[in-house]
Amino acid sequence: MSDTSVTSQPPIPLPSQGEIDASCRLPILTLFTGAALWLLLGAIGAMLASMNFHNPQMFADNMWFSYGRILPAAKTWLVYGFGLPAMFGIALWIAARLGKTLLSNSGAIMVAAKLWHLGVFIGSFGILCGANSGHEGFEMPSYAAYMLLIASVMISYFGLLTIHQRNETEMYPSLWFVIAGLLWFPWILSTATILLHVSPVRGLAQFAIASWYVNNLQLVTFALFGMAAGLYFMPKLSGKQLHSKYLAFFSLATLVLFGSWSGLTLGGPLPKWMGSLSSVAAVFVIIPVLAHFDNTRRSCCIKSSAAEAKFFSLSIPMLLLSVLLAAVGAFVAQTHFTLMRTAQSVLLLQGFMGLIALGGIYHILPKVTDIKLPSTKLVRLHFWCAVLGVLFIALPFIFGGWKQGGQLLHPSGSFAEVSKVVLMHIRMASLGELLWVLGSLLLALNVFGTAYQWVRGIIRPVVVEGTSTVASQLEKAGVKA
Amino acid sequence: MSHNVQSNPAASVNDAEPRAGSASMPVWMLVAVMVLVFGGGLYFDTYGGWFSPQVYAPYRSVNDLMAYQPVSGEGAFLLRGKVVYEQVCALCHGADGNGKPGQAPTFVDSEWVITDNTGRLIRIPLQGLNGPIKVKGVDWNLAMPAMGAALPDADLAAVLSYMRNAWGNKASLITPEEVAAVRAATASRTQPWTAAELEALK
Amino acid sequence: MNYGALIFLVGFIGLASSWFGLVLAPQLQLGRQPITKIQGGNDPYPSRRLGLAEQGLQVYRANGCVSCHSQQVQQSGTVFDVVMTELGTNQPAVVAALAKLDSKLTGASLSSLPQDVVRGVNKLQADEVNAAFKDTGAKVAVQIRPVGPDMDWGWGRRATVAADFLQDSPVMPGSQRLGPDLANVGVRKPDVNWHLVHLYAPKSVVPDSTMPPYRFLFEKRKIDRHASPDALQLTGEAAPEAGYEIVPTAEAKALAAYLASLRADVPLFEAPMTAK
């Protein structure tokens, strides 16, 4: 065998797409079914929170549904329960598909996903019971944060391992964003967990670090995964080539550089330099979003026949609107402390992240389970519910917030003037929350329908086998009676 | 091979992975970034407070803040001294005046600081001090740079007066005129002082 | 070219830079900030909250009050006022000086000092006015006054700074104002009982309030021979039916104590103002 050279060995066959999808099946099912459940709970929770503005007496005797408890719980369900698992699932599947390799250690990833969902469960119900940590955007109690940290480290590790083991050496731009996202999320979560829970820093440093973490989660991490998804799905579904990988690299570099600095506000109780630097970065972060928009619009998939295509196309204008609002809001005092900030958050989390997550779930779930979605009509209906839902929340909040800011800047005798101005707009937004609940129900129908089919597909042969008559079994064994 | 692929027709249709094109980056975007960064830098320079933890909105800098401090006369002078001390001397000698072992001696109850022979004290920041020196019974042998040479007379007088009246110290104030006189008298001196030379001064 | 390493480097550098700037630097500057002294005095600031108030902070946190209320006062500028505190013996000189300055203060009001000589001027003008009275024997004081919409609302006399939060954990400056700012609510409403009634039935003390009632923080009890000393004094719609009383739970009392303790109105170097 001494003259056997490497070139004479037959090449190892690349796994087929079906095999890759099958290797992703268990983790993705775990991640997406949990995500669908948390999205539904989150939408209902947000709906209940907005009920407080229709009738403040409604939950006066009920601790769990009071505004200050149900709203953080709903946000936790949306971001940590729905958003991150969906994004992880999309990232892992894209990594496996683009690398043309099986997902590494999918059993371990499934365990991590279960740990993640357990952490969200404990964390969100902890918030309802009063273990709110006090940090906006990171309200879960410490024990839940530790669980999410372990789970995310595992998911990131195996995701990066999959990319390392890729067979396709040419890296498609989506992989760059996935690497950055898988690297960044455990980093920011561990920083926040250690500095806010394990060994809390003193005084206002907590606020700076919590704001940094929340911005890096909601803007940077979601944008990294979301841009990865956009760069992958939009050319794929439209059949056109991605316009420019250099532009994609530019988006990545500017996003990580500028996006991670934004998030603190001007004029707050922090020293001036922090707010100034952050506000300047908030303006700069428009650049990567514009670059990404420019890159993907040429392979826009809005006319694709796939039901999930529209989700991806509409997500990018939502992101653009959100960062524009944030940039303007950073410098315009009339937007501080108002609903405009909530509007910007809704556009980012439900508009951009939510649409991408939904599109990804609808595209990937049928592929990995090898089962058609129960109804693509519901998918199209969900698209309209989601987009209209976001618009019906964000637009009243923008106009209401602007008016609220005007009242805040021009004090009258009573604060009731401010509340009055805001009330009608919050009530209008309840319609948007309702649409979002409806959409989540549609997602749950499709996702759990698929899951049910999958479970049935496993159990049925076993049941059939176990309940068949002795005669048919003997016949199968080739024994003639 | 896994499940029956035909059960999901969508799987085999149009499932080619996307490809990336190589269109070049639009130059205007790079130019826009550079313009924005420049503008942002300008903004931060004016409104950023230059990383000072003491500057909060709406003040622009520590100097700006000084105008609003509610004191006048001697209080203002000592406050100016405190501000200059924290900017220039506190890095080595500590905001509490205790110094740092191996780096800078203490000022608290130090005979060199509360001395009546103010000429000795003024010369140290003006030209620097090298070599062995005994401070409160402890031997030091380091090199202090001429940190006060670039300060205006009023600021140097203020910071020395602050040191002589802070942290429990009690001594007379040093006036800008005294500092100006010492500066003129030592104008030709370029070498740092030694403790022996300073002790020989009357 | 294997882009993997380059991507890793770009991501690492870009993201690490913000860690240095917005995590490490705040910890070095704010997390290690020593307790300062009130300007012009020797008392440390801030002092620790008393026990019940500190427990109230945890109740505030658990109920998510930060979702509607902020605790950060902002100011848009600082101005000077010159106030005459003593007339002295040379009234004609004072009147002459006042006339020269075109001040609104006339001879008639000089009998009921202290009175403002000028309000809302800058430092140069304030120093000029101060100098104008140097030889008249009258005592004038230059006062520093932060201004801004938050001051007009009465939410505070100066902007909130990092020193105000040094004794609290967690720190909840808030980002929404669906309700008024609470940084100095202990100055406006120092009465614990007002807070208790407000928590139970906001509309009974603030007529147009949209705040939800927090009745789950209270207990409705049958009056057992005498009314409990803790029972809330309620009138109108909010009052329970005859024979029943509303008693605050320990959490409600703690929360009310915390709210009554909220104040941040001392002058500091980084937030100067004239103390009253």
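Just check the range A:1-94 against the gyration tensor rule for me: Cα atoms, a ≥ b ≥ c as the square roots of the eigenvalues, rounded for a/c under 1.5, and otherwise prolate or oblate depending on whether a/b exceeds b/c. Write out the running numbers ahead of the final one.
Details: a/c = 6.47, a/b = 5.22, b/c = 1.24.
Because a/c hits 1.5 or more and a/b exceeds b/c, the range A:1-94 counts as prolate.
Report the net charge of residues surrounding A:ARG297, where surrounding means a beta-carbon distance below 15 angstrom and charges are Lys +1, Arg +1, Asp -1, Glu -1.
So the environment of A:ARG297 carries a net charge of +3.
So what's the net charge close to C:VAL59: Lys and Arg +1, Asp and Glu -1, counting the other residues with Cβ under 14 Å from its Cβ?
Numbers: positive: A:ARG69, C:ARG49, C:ARG61, C:LYS253; negative: C:GLU54, C:ASP168, C:GLU251.
Residues close to C:VAL59 contribute a combined charge of +1.
For the range B:26-68, compute Rh as the Kirkwood radius over C-alpha pairs and then the Stokes-Einstein diffusion coefficient at 20 °C and 1.002 mPa s; write the answer in µm²/s, rounded to an integer.
D, rounded to a whole number, is 181 µm²/s.
Towards the positive end of the charge dipole of chain A, with charges on Cβ (+1 Lys, Arg; -1 Asp, Glu), say which of A:LEU270, A:LEU237, A:LEU347 has the farthest Cα.
Final value for the positive-end residue is A:LEU237.
As a test of the formula, what do you get for chain B when each DSSP H run with n ≥ 4 contributes -39,500 (n - 2.57) and the sum is divided by the residue count, at 222 nm and rounded to the nearest 500 deg cm²/dmol? Intermediate values should be presented prior to the final figure.
Numbers: 8 runs with 84 residues, N = 202.
When only DSSP H runs of four or more count, the value is -12500 deg cm²/dmol.
For A:PHE177, A:PHE337, which order do you get if you count the other beta carbons within 10 Å of each Cβ and list the fewest first? Before the final figure, lay out the partial values.
Numbers: A:PHE177 30, A:PHE337 24.
Ordered from fewest to most neighbouring Cβ atoms within 10 Å, A:PHE177, A:PHE337 come out as A:PHE337, A:PHE177.
Find, among the trypsin sites (Lys or Arg not before Pro) in the range B:88-182, those assigned to loop by DSSP (not H, G, I, E, B) with at most 15 other beta-carbon atoms within 10 angstrom.
B:LYS136, B:LYS170
Show me, bin by bin at 10 Å from 0, the whole-percent P(r) of the protein assembly as shown based on Cα pairs.
Result, from short to long distances: 2, 10, 17, 19, 17, 14, 10, 6, 3, 1, 0, 0, 0, 0 percent.
Scan chain B and note any complete DSSP helix (H) whose C-alpha atoms cover at least 15 Å along its axis and whose Kyte-Doolittle average is 1.0 or more.
Span-like helices here: B:27-47.
Provide the packing ranking of A:66-74, A:301-309, i.e. peptides ordered by the mean count of other C-beta atoms within 10 Å per residue, highest first.
Those peptides, ordered most packed to least, come out A:66-74, A:301-309.
Mind jotting down a quarter of the surface of the convex hull over the alpha carbons of the range A:175-220, in square nanometres, one decimal?
3.0 nm²
Taking the Cα centre of the range A:256-364 as origin, sum charge times position over the Cβ atoms of Lys and Arg (+1) and Asp and Glu (-1), and report the length of that vector in debye to the nearest 20.
Dipole size: approximately 100 debye.
Take peptides A:160-167, A:460-467, C:73-80 and line them up by average Cβ neighbours within 10 Å, highest first, as a rough protection proxy.
Working: A:160-167: 17.4, A:460-467: 9.1, C:73-80: 21.6.
Going from most to least packed, we get C:73-80, A:160-167, A:460-467.
GNM on chain C, C-alpha springs below 10 Å: top fluctuator among C:ALA159, C:ALA99, C:ALA242?
C:ALA242
Let me know the shape class of the range B:71-200, please: from the alpha-carbon gyration tensor, a ≥ b ≥ c as square roots of the eigenvalues, rounded when a/c is under 1.5, otherwise prolate if a/b is greater than b/c, or oblate. Walk me through the numbers before you get to the answer.
Working: a/c = 1.59, a/b = 1.15, b/c = 1.38.
Taking the square roots of the gyration eigenvalues as a ≥ b ≥ c, the range B:71-200 is oblate.
Going by how many other beta carbons lie within 10 Å of each one, how would you line up A:VAL178, C:VAL140, fewest first?
With the fewest neighbours first, A:VAL178, C:VAL140 line up as C:VAL140, A:VAL178.
Between C:TYR244 and A:ASN55, what FRET efficiency follows from the Cβ-Cβ distance if R0 is 22 Å, with the result rounded to 0.05? Working shown, then result.
Details: r = 24 Å, r/R0 = 1.08.
Calculated transfer efficiency: 0.40.
Quick one: net charge around B:ALA195, please, counting Lys, Arg +1 and Asp, Glu -1 for every other residue with C-beta under 12 Å from its C-beta.
Taking every other residue near B:ALA195 into account, the sum is -1.
Going by how many other Cβ atoms sit within 10 Å of their own, how do C:HIS198, A:HIS135 line up, fewest first?
C:HIS198, A:HIS135
Does chain C classify as rounded, prolate or oblate by the C-alpha gyration tensor (a ≥ b ≥ c root eigenvalues; a/c under 1.5 gives rounded; else a/b over b/c gives prolate, otherwise oblate)?
Because a/c hits 1.5 or more and a/b fails to exceed b/c, chain C counts as oblate.
Inside 10 Å of the C-beta atoms of A:401-408, what's the mean count of C-beta atoms belonging to other chains?
The per-residue average across the peptide is 2.
About the Cα centre, and with charges only on the beta carbon of Lys, Arg (+1) and Asp, Glu (-1), how big is the dipole of the protein assembly as shown? Nearest 20 debye, please.
Using only the charged Cβ atoms, the result is roughly 1640 debye.
Which whole number gives the average, over all residues in A:184-191, of C-beta atoms from other chains lying within 10 Å of the residue C-beta?
2
I want to check a number: in the range A:301-447, how many lysine pairs have alpha carbons closer than 22 Å, given a sequence separation of 8 or more or different chains?
On the way: A:LYS303/A:LYS367; A:LYS303/A:LYS372; A:LYS303/A:LYS377; A:LYS310/A:LYS367; A:LYS310/A:LYS372; A:LYS310/A:LYS377; A:LYS367/A:LYS377; A:LYS403/A:LYS420.
Here the count comes out as 8.
Mind checking which helices in chain C clear 20 Å along their axis (Cα) and have mean Kyte-Doolittle hydropathy of 0.0 or more, DSSP H runs only?
Numbers: long enough: C:3-19 (24 Å, 1.69).
Membrane-span-like by this rule: C:3-19.
Once you put a point 7 Å from the Cα of A:VAL198 and another 7 Å from the Cα of C:ARG188, both along the Cβ direction, what distance in nm separates them?
4.1 nm
Based only on the alpha carbon positions, what is the Kirkwood hydrodynamic radius of chain A, in angstrom?
When all Cα pairs of chain A are included, the Kirkwood radius is 23.6 Å.
Projecting each Cα onto the charge dipole of chain B (Lys/Arg +1, Asp/Glu -1 at the beta carbon, about the Cα centre), which of B:PHE38, B:PRO18, B:SER161 comes out farthest on the positive side?
Working it through, the farthest residue towards the positive pole turns out to be B:SER161.
Partner chain Cβ atoms within 10 Å, averaged over the residues of C:199-208 - can you pull that number for me?
2
Assigning unit charges at the beta carbon (Lys, Arg +1; Asp, Glu -1) and nothing else, what dipole magnitude in debye, to the nearest 20, does the range C:77-147 show about its Cα centre?
Charge dipole of the range C:77-147: 80 debye, to the nearest 20.
Taking the Cβ-Cβ separation of C:ASP135 and B:MET66 as r and a Förster radius of 35 Å, what is the calculated FRET efficiency to the nearest 0.05?
0.80
At 222 nm, what value in deg cm²/dmol follows for chain A if DSSP H runs of at least 4 each add -39500 (n - 2.57) and the sum is divided by all its residues, to the nearest 500?
-24000 deg cm²/dmol
Bear in mind that the values in this text are calculations on the coordinates, not laboratory data. Computed from a predicted model, the values in this text were never measured in an experiment. Positions of Cβ are generated from backbone atoms using ideal geometry, with glycine treated the same way; all protein chains shown enter the neighbour counts.
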